[in-house]
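First comes the structure, then the notes that go with it.
What follows draws every value from the coordinates through simple rules; no lab data is involved. Nothing here was measured: the structure is a model prediction, and the numbers come from that model. Virtual Cβ from ideal backbone geometry, glycine too; neighbours counted across all protein chains shown.
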Amino acid sequence: MKNIVTRFAPSPTGRLHLGHAFSALLAHDYARQHDGTFLLRIEDIDLGRKRPEFVDGIIEDLIWLGLEPDGEIVYQSERFPLYRDALSRLKDRGLAYPCFCTRSDIAQEIAASAEAPHGPDGPLYPGTCRTLAPDQAARRLEAEPHAWRLDVARAAAMAGSLYWEDDHTEVQAEPERFGDVVLARKDAPTSYHLAVTVDDADQGVTDVVRGRDLFAATDIHRLLQALLELPTPRYRHHPLLTDASGQRLAKRHGARTLADLRASGADPAELVANLRAGTLPAGYSAAEA
Ligand code: GLU
């Protein structure tokens, strides 16, 4: 088997919590068990939300836990040319179109339509800009802020049936249920989906170990891999940790951070040993989604 490469890919928009530690630990241990490589990728495409102190915090927390990454740390904000290149390949094949809609345009369009199909991430984009006449789109491109969207029906038809492997189980990708996802945002030359797909391939990631919250998104990543002729890694989506009220740990819900645990005198070796043994600190449990 090829050398195993895993990665931990947090977004620097807050301090890490126990859920991140669990995810990083699983990716780290999988690499170590196979004499492989554990990479750290900072997913900082959101230039307005990223903060340097959170990047430092991520590195500090991983070192505190004893989960030091191998090799250079990769920053997505330094890789915009790679994403632009991938996007232009999709444009050249007629699979991406510019979208000038604002959030409120989309909300209004959805409210006015008789049926508003929902996907894993909420209501689907109604396709307003997909049918713009090419000359009109070209004129607006010069003057208006725009995102780029994937024409998912066309792309899926071109790619044919696609599968990926989750923990040794074959999963059939159904990317159409996401609708025309954003490939490049108005404020960044990429989206999460495009950047993660390009980077996992570019960094030679063989095994993506990440939370169940990203299980469905893998359908889109698999489609992008097919369109961009990139290899498909194996996936392992792990359960998410929840707090005492059953709520999934999240920055926005004020989950206790690793920095808080450290400040209150937690022993990192003990914490990691407990996480490995599946023993979570009091008040935490693991949920499927
Ligand atoms: N950056 C994503 C997050 O912090 C994770 C991306 C991934 O593992 O694919 O939720």
> What are the principal axis extents of the Cα atoms in the chain, in Å, biggest first?
Replying inline: 63, 42, 33
>> Sorted from largest to smallest, which semi-axis lengths in Å does the alpha carbon gyration tensor of the stretch 1-90 give for its equivalent ellipsoid, taking the root of 5 times each eigenvalue?
In response: 23, 19, 10
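Report the rotationally averaged projected area of the stretch 211-289 based on its alpha-carbon convex hull, in square nanometres. Could you put the intermediate results ahead of the total?
Details: hull surface 27.6 nm².
Result: a mean projected hull area of 6.9 nm².
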> Each residue of the stretch 165-177 in order: what ³J(HN,Hα) in whole Hz does its phi give by Karplus 6.51 cos²θ - 1.76 cosθ + 1.60, θ = phi - 60°, with x for Gly and Pro?
Replying inline: 10, 10, 6, 6, 10, 7, 10, 8, 6, 10, x, 4, 5
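For the stretch 156-217, what value does the Rg/Rh ratio take when both radii are computed over Cα atoms and Rh is the Kirkwood radius, given to two decimals? All intermediate terms of the calculation are to be shown ahead of the outcome.
On the way: Rg = 13.0 Å, Rh = 13.4 Å.
With Rh from the inverse mean 1/r over Cα pairs, Rg/Rh is 0.96.
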> Unpartnered cysteines of the chain (Cβ-Cβ under 4.7 Å counts as a partner)?
Replying inline: C101
>> At a 10 Å Cβ-Cβ cut-off, how would you order T218, T232, T6, T279, fewest neighbours first?
In response: T279, T232, T218, T6
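Please give the peptides 52-64, 135-147 ranked by average Cβ packing (other Cβ atoms within 10 Å per residue), highest first, as a rough proxy for protection.
On the way: 52-64: 16.5, 135-147: 12.1.
Per-residue Cβ counts within 10 Å, averaged per peptide and sorted highest first, yield 52-64, 135-147.
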> Placing +1 at every Lys and Arg Cβ and -1 at every Asp and Glu Cβ, with all other atoms neutral, what dipole size does the stretch 69-185 have around its Cα centre, in debye to the nearest 20?
Replying inline: 640
> Once the Cβ-Cβ distance between A277 and Y163 is put in as r, and R0 is 35 Å, what FRET efficiency do you end up with, to the nearest 0.05?
Replying inline: 0.55
> Lys/Arg Cβ at +1, Asp/Glu Cβ at -1, dipole of the stretch 1-151 taken about the Cα centre: which of A133, V74, F38 is farthest positive-ward?
Replying inline: A133
> Which order results if H20, H238, H34 are arranged by neighbouring Cβ count within 10 Å, fewest first?
Replying inline: H34, H238, H20
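Just in the stretch 158-203: which trypsin sites (Lys or Arg not before Pro) are loop by DSSP and have at most 14 other Cβ atoms within 10 Å? Please report the intermediate quantities before stating the final value.
On the way: sites: R177, R185, K186; in loops: K186.
Qualifying residues, ordered by number: K186.
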> Among L95, G246, V196, whose Cα sits farthest toward the positive end of the charge dipole of the chain (+1 at Cβ of Lys/Arg, -1 at Cβ of Asp/Glu, about the Cα centre)?
Replying inline: L95
> Could the peptides 99-108, 119-128 be put in order, highest first, of the mean number of other beta-carbon atoms found within 10 Å of their residues?
Replying inline: 119-128, 99-108
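How much net charge surrounds G66 when only other residues with a Cβ under 15 Å from its Cβ are counted (Lys, Arg +1; Asp, Glu -1)? The partial results should precede the final answer.
Numbers: positive: R32, R262, R276; negative: D29, E60, D61, E68, D70, D267, E270.
That works out to -4.
Work through the residues other than S191 whose Cβ is under 13 Å from its Cβ and net out their charges, Lys, Arg +1 and Asp, Glu -1.
Around S191, the charge tally is -2.
In terms of the ratio Rg/(2.2 N^0.38 Å) built on C-alpha atoms, what value belongs to the stretch 28-132?
Details: Rg = 20.1 Å, N = 105, 2.2 N^0.38 = 12.9 Å.
Ratio of Rg to 2.2 N^0.38 Å for the stretch 28-132: 1.56.
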> For K91 and N3 in the same chain, what is the full-extension length gain: residue separation times 0.36 nm, less their Cα-Cα distance, in nm?
Replying inline: 28.3 nm
> Between A133 and E68, what is the label-to-label distance in nm when each label sits 7 Å out along the Cα-to-Cβ direction?
Replying inline: 6.4
